[in-house]
Amino acid sequence: MKEETAMSNTDTHKSRFVLEEKDMPTAWYNIQADMPEMPPYLDGNNEPARAEQLAAIFPPALIEQEMTKQRYIDIPGAVIDVLRTYRPGPLTRARMFEKALGLPDNVRIYYKYEGINASGSHKANSAIPQAYYNKQAGISKLTTETGAGQWGSALSMAGSQLDMDIEVFMVGCSYDQKPYRRYFMESYGATVHRSPTNLTSVGRGILESDPDTPGTLGIAISEAVEIAASNPDTNYALGSVLNHVILHQTIIGLEAIKQMELAEDEPDVIIGCCGGGSNFAGLAFPYYKRRLEGKSKARLLGAEPKSCPTLTAGEYRYDYGDEAKMTPQMMMYTLGHDFVPPGIHAGGLRYHGDSPLLSALVHSGEIEATAVYQTDCFKYALMFGRAEAMLPAPESSHAIAAAVAEARDAAEKGEERTILFGLSGHGFLDLPAYNAYNQGELQDYDFATGTTR
Ligand SMILES: *Cc1c(COP(=O)(O)O)cnc(C)c1O
């Protein structure tokens, strides 16, 4: 009975570490200041890409952020105003999940949650500044592609907050299968097309030869880029991978550092799920800086699907960012720009490449990576979700599965360990994937060994 009273004492057993508005970071951290020179982006002729080539589709401020070595970059006041509609975000000690896992007291799990805006993920953190810098450069419309729909949703929301037109090319089969994502984007004022369309020469060409095509992300990117490149008032926006996107996401880790100080705890390992790498890098890179300052010894661990294991089974080499080879070539871990994950994979994180910044740090051994099976992800996502009153995005569940492996490893070895993971989004619009898991319809595929279980 006594112990029950102690457990509910919020002073000694705090779970939520809350920042005030005034504690929200006012500058992003640019890791390029603390890294060796990055290999340049290359154009189609294998020549270093020039800033002018990017200027057809990106505004000057973002091109500058892509290249600069300035360590801290002030967040514009107008961007802070919009970010404050949902930030600072929560950081929580997952005490009920620790209990469900039966962990000893000296193995602690914390998570930093990004599903706190309606679009449901960390992607809003970059959509907002991207909309702002484009508007500032006199651009009135942004185009983009969306597959699963989270990026399109984030950009649509940011567009409505900053009064920019948003035009989304949605992969045809996703358009048919995920109507709720389209309803969401349209509710925030965006125009959503089923790609391929007859609005672009790329789309018209494809429809002529294959009128019933389900579309691909590569086609949708090509259409969005074509519209942006051929209209002076229109630019293109990308939701991950690029340096400026990673920069914007560092607000996650900068907040987390302050919140772990409130918790009077210091992470031993920091985990995030990896698609293009932006939410993981956003949480991990400020801790990389803290390591350089000698204040942290945290291991940084990216978690990816075994069916799309870019960092653990890909090659470190130059590759295109998209199937259609519209982007510059980037030095990164890749499974090949024409890689398509198997149909049995329901867990998101399907991108073939990874952020060049993150890739370089994995290559130099400063950041680690692990690959997890999707059924383990759903199993632990539900266990976490039931314990913590959460519904994780299937992408985020990869970080949960990796956190459980770390916690069990520490418990087995009798070691003390503080684990911090990024919960990149909610799964409210991903219930069909949960249903597939609940019905026992999901299988596991390991790309590295070619085996199914
Ligand atoms: C897009 C997305 C990801 C993967 O993208 P990163 O750039 O690797 O962060 C992960 N989680 C959620 C919820 C997403 O929407």
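What follows draws every value from the coordinates through simple rules; no lab data is involved. None of these values were measured; they are calculated from a predicted model. Using ideal geometry, Cβ is built from the backbone for each residue, glycine included, and neighbour counts are taken over all protein chains shown.
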| query | Counting only residues 5 or more places away or on other chains, whose amide H sits under 5 Å from the amide H of V192 once H atoms are built in the peptide plane? | reply | V168
| task | Beta carbons within 10 angstrom, averaged per residue: use that to sort the peptides 334-342, 190-198, 413-421, 247-255, highest first. | result | 247-255, 190-198, 413-421, 334-342
| query | To one decimal place, what Kirkwood hydrodynamic radius in Å is obtained for region 325-405 from all pairs of distinct Cα atoms? | reply | 14.4
| query | Say the dipole of region 1-137 comes from +1 at the beta carbon of Lys and Arg and -1 at that of Asp and Glu; which of Y133, P48, M96 then lies farthest toward its positive end? | reply | M96
| From the square roots a ≥ b ≥ c of the eigenvalues of the alpha-carbon gyration tensor of region 332-378, which class results: rounded (a/c under 1.5), prolate (a/b over b/c), or oblate? | oblate
| task | With both partners inside the chain, how many of the DSSP beta bridges are antiparallel, as a percent to the nearest 5? | result | 35
| query | Under a straight-distance cross-link criterion of Cα-Cα below 25 Å, which lysines are reachable from K297, leaving out those fewer than 8 residues away in the same chain? | reply | K14, K69, K112, K258, K289, K413
| What does the convex hull of the alpha-carbon atoms of the chain project to on average, in nm²? | 21.7
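As a check on your grasp of the helix formula, calculate [θ] at 222 nm for the chain: sum -39500 (n - 2.57) over DSSP H runs of n ≥ 4, divide by the residue count, round to the nearest 500.
Details: 19 runs with 183 residues, N = 453.
Mean residue ellipticity at 222 nm (helix-derived): -11500 deg cm²/dmol.
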| request: Would you please put 220-233, 106-119, 146-159, 199-212 in order of how densely packed they are, using the mean number of other Cβ atoms within 10 angstrom per residue and starting with the highest? | output: 146-159, 106-119, 220-233, 199-212
| query | Once phi is turned into ³J(HN,Hα) by the Karplus curve 6.51 cos²θ - 1.76 cosθ + 1.60 with θ = phi - 60°, what whole-Hz value does each residue of region 40-55 show in order, with x for glycine and proline? | reply | x, 6, 10, 8, x, 9, 6, 9, x, 5, 9, 3, 4, 5, 7, 5
| request: Using the Kirkwood radius over Cα pairs, work out the Stokes-Einstein diffusion coefficient for region 308-453 at 37 °C and 0.692 mPa s, in µm²/s as a whole number. | output: 198
| field | Calculated from backbone phi, Karplus (6.51, -1.76, 1.60) coupling profile of region 154-166 in Hz, x at Gly/Pro | value | 5, 5, 4, 5, 4, x, 5, 6, 10, 6, 10, 6, 10
| Using modelled backbone amide H atoms (1.01 Å from N, in-plane), which distant-in-sequence or interchain residues come within less than 5 Å of A27's amide H? | I75
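With the Cα gyration tensor of region 92-185 in hand, give its eigenvalues times 5 under a square root as the equivalent ellipsoid semi-axes, listed largest first in whole angstrom.
So the equivalent ellipsoid measures 35, 18, 9 Å along its semi-axes.
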| said: Using the Karplus curve 6.51 cos²θ - 1.76 cosθ + 1.60 with θ = phi - 60°, what ³J(HN,Hα) values do you get for each residue of region 104-116, in whole Hz, with x for Gly and Pro? | reply: x, 4, 8, 10, 10, 10, 10, 9, 9, 9, 10, x, 8
| task | Tell me the Kirkwood hydrodynamic radius of region 14-125 in angstroms, computed as one over the mean inverse distance between distinct C-alpha pairs. | result | 17.8
| said: Restricting the calculation to Cα positions, tell me the Rg (one decimal) and the Dmax (whole number) of region 126-251 in Å. | reply: 13.9, 46
| message | For D233, project a label point 7 Å along Cα to C-beta. Then give me every residue of region 157-189 with its amide nitrogen under 11 Å of that point. | response | 165
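Quick one, can you get me the convex hull of the C-alpha atoms of region 280-353 expressed as volume per residue in Å³?
112
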| task | Hey, can you grab everything whose amide H is under 5 Å from the amide H of L300? Only 5+ residues off in sequence or another chain; H modelled, so Pro and N-termini drop out. | result | I270, E368
| What do the square roots of 5 times the Cα gyration tensor eigenvalues come to for region 79-132, in whole Å, largest first, as semi-axes of the equivalent ellipsoid? | 32, 10, 8
| By average C-beta atoms within 10 angstrom, highest first, the peptides 353-362, 275-284 | 275-284, 353-362
